[in-house]
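Q: Starting off with a structure, shown below.
Here, each number is a calculation from the coordinates, and none is a lab measurement. Owing to the predicted nature of the structure, the values given are computational and were not obtained by experimental measurement. Because the Cβ atoms are built from the backbone with ideal geometry, glycine has one as well, and the counts that use them run over all protein chains shown.
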Amino acid sequence: MFGGLIALDILIVLFLSYVIGALARLVVPGPDPMSLTHTVAIGFAGSVVGAFSAWAALGGRFGDNGAAAFLVALAAGGLLVLAHRRWIRHEPWVVAPDWRWWARPTPPRRDF
């Protein structure tokens, strides 16, 4: 009787986890070559961490603060993307195009 509803709930959770994971990847600058599975896992973990953090900060009630829970989930997902980049892929925290501007050699100066 409830098999269809449970399957639909699982699909909704997976879709929302993908949305949170994709938005978290967009928040963090630099390339993130992750698979769809990693994106969903990071989105799900960010959603769980964000929901519990918002629940604890709001005194155990959400009420009209669904947007706050979404923003906290997005921030938690972004932090998880950074952690994945740092400890799984062994890259710097933030990969920007000029993140090592001090280490690049200066081009030779040409005075004409």
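Q: Give, as a single signed number, the net charge of other residues whose beta carbon lies under 14 Å from the beta carbon of Arg85, with Lys and Arg counted +1 and Asp and Glu -1. Present the calculation step by step, with values, prior to reporting the outcome.
A: Working: positive: Arg25, Arg86, Arg89; negative: Asp32, Glu91.
Once positives and negatives cancel, what remains is +1.
Q: Further question: List Ile6, Ile20 from most exposed to least, where exposure is judged by having the fewest other Cβ atoms within 10 Å. Before the final figure, lay out each step's value.
A: On the way: Ile6 9, Ile20 26.
Final ranking by Cβ density, sparse to dense: Ile6, Ile20.
Q: Which order do the peptides 42-54, 76-88, 21-33 take when ranked by the mean count of other beta-carbon atoms within 10 Å per residue, highest first? Write out the running numbers ahead of the final one.
A: Working: 42-54: 20.2, 76-88: 18.3, 21-33: 16.5.
Peptide ranking by packing, descending: 42-54, 76-88, 21-33.
Q: How big is segment 3-88 by Rg and Dmax over its Cα atoms, in Å?
A: 13.5, 41
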